[in-house]
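Here's the structure we're looking at; comments come further down.
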Amino acid sequence: MSTIAITGSGSGIGAATRELMESQAVDVIGIDIQNAEIEADLGTPEGRQRAIASTLDMAGGKLDGLVTCAGVSVPFDPKLMLSINWFGTMELLEGLKDSLAKGNENSYVVAVSSNSTTITPNIPDELVNACLDRDEQTASEVLDGLESPQDMAIAYAASKLAVARYVRMNAPSEDWAGNGIRLNAICPGAIMTPLLKNSINDPVFGPAVEHLPIPVGDFGSPDLIAKWIAMMLSPAADFMCGSLVYVDGGSDALIRPNDWPRSFSI
Ligand code: NAI
C-alpha cells in the first residue's frame, strides 16, 4: 500500500484526486484548513510547520507521493493569497522532501500550478524572484505597489509562476531527481470548482473569467484534472522531471501560440 499526502483535499481538484487515489487502494493523508485528517492553515508559518510534523507522524516518516493542491484565487487578500499558494506549497515541498526520498523506489510529487502563469500579462519579475528568494518582506512591498483591484490577478499568477519555476529549478537536482523523487507540476486552466465559482461571482473578475477563451468549449472538470494527477503519481511519470503539464482546453495555446517553447542562442 502506498501512502500519499494531498493538501487542499477537502474540495475541488484535491477532493477529486483523493477519491480517485483511494479507489486505487492508495492511503491518503488529507491536509486542509477543514474536513481533513490534518487540519492546518497553510497561510501561516505555524500552520505549515504543524501540517508537516503531523504528516510525518501519520506517514511514519515515509511518503510515496505528495500533491500540493491547497490554494485560493481572486478575489482574496493578495498577501494571504501569496502566503497560501506559494509559501504553503514551497514549505510543504521542502518539509516533506526527506520523507519522499524514503518512499517507494521512485516517489512522485505533483505541484498544482496554473495556466495563469503564461496567460496573465505583466507579472512583475521582482515579485516572482522575491518568492523564489523566500523574501516575504520584498514580496509584500511589491504587492503594496499594486493598486487596482485587477492587480489581485497578478498576485495569483505570480504565486503560481513561483511554484512552476521552483519545480523547473529543483526537479533535476540531487535533492529531488537524485533521491528518486519525480517533481512535476500540472497547470490547469479554468476548472469548475468552488474556487472558480467564487471568481465568476465577483463583479470585478467574473466577466473576464467567464469570457476566458477556451478553444475546446467549456470549463474543465476536477475529475479530469485528477486523472492527470493520478498518472503523474504513477510509474508513467518515471521519465518526467520538472515537466509543466498544461491541461487547459487550449487557452494558453490560443493566447501565446508562438511564445514558448523558445529557442535560445549560445
Ligand atoms: P477549491 O476551492 O475547490 O479547493 C481548494 C482547497 O484548498 C479547499 O479545500 C480549501 O479549504 C483549501 N485551502 C484554502 N486555503 C487554505 C489554507 N489557508 N490552508 C489549508 N487549506 C486551504 O479550489 P480548486 O479549484 O480545487 O483549486 C485547487 C488548486 O488548483 C488551487 O491551488 C488552485 O489555485 C489551482 N487551480 C485551480 C483552477 C481552477 O480553475 N479551479 C485553475 C488553475 C489552478
THR7 passes all but one of (1) within 8 Å of the ligand (Cβ to nearest atom); (2) closer than 21 Å to SER107 by Cβ; (3) surrounded by fewer than 20 Cβ atoms within 10 Å (Cβ to Cβ); which number fails? (3)
Which of the numbered conditions does ALA171 fail, given that it passes all the others? Conditions: (1) touching a residue at least 60 places away in the same chain (Cβ under 8 Å); (2) open to solvent by 30 Å² or more (accessible area, probe 1.4 Å). (2)
Being touching a residue at least 12 places away in the same chain (Cβ under 8 Å), assigned to a strand (DSSP E or B), surrounded by 15 or more Cβ atoms within 10 Å (Cβ to Cβ) and of a type outside the set (Gly, Ala, Ser), is that true of even one residue in the stretch 203-222? no
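Taking the stretch 12-25, which residues are surrounded by fewer than 20 Cβ atoms within 10 Å (Cβ to Cβ) and out of contact with any Lys or Arg (no Cβ under 8 Å at 6 or more places or on another chain)? Spell out how you get there, then give the answer.
Filtering the stretch 12-25 for residues surrounded by fewer than 20 Cβ atoms within 10 Å (Cβ to Cβ) gives 19-20, 22-25.
Matches in the stretch 12-25: GLU19, GLU22, SER23, GLN24, ALA25.
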What's the number of the only condition in (1) within 15 Å of the ligand (Cβ to nearest atom); (2) among the aliphatic types (A, V, I, L, M); (3) more than 20 Å from ALA40 (Cα to Cα) that ILE84 fails to meet? (3)
From the list MET192, MET240, pick out the single residue that is surrounded by 14 or more Cβ atoms within 10 Å (Cβ to Cβ) and without any contact (Cβ under 8 Å) to a residue 40 or more places away in the chain. MET192
Quick check on the stretch 43-81: of everything there that is within 20 Å of ALA185 (Cβ to Cβ) and of a type in the set (D, E, K, R), which residue is farthest from the ligand (Cβ to nearest atom)? ASP64
I need the full set of residues from the stretch 30-58 which are in a strand (DSSP E or B) and under 17 Å from the mean Cα position of the chain (by Cα), in order please. GLY30, ILE31, ASP32
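The values are calculated or read from the model by the stated rules, or taken from the named source; none is laboratory data. Remember, predicted model here, so these are calculated numbers, not experimental data. Note that each Cβ is placed from the backbone with ideal geometry, even for glycine, and that neighbours are counted across all protein chains shown. Remember, those area values only see protein heavy atoms, side chains included, never the ligands or the DNA or RNA. Shrake-Rupley method; radii C 1.70, N 1.55, O 1.52, S 1.80 Å.
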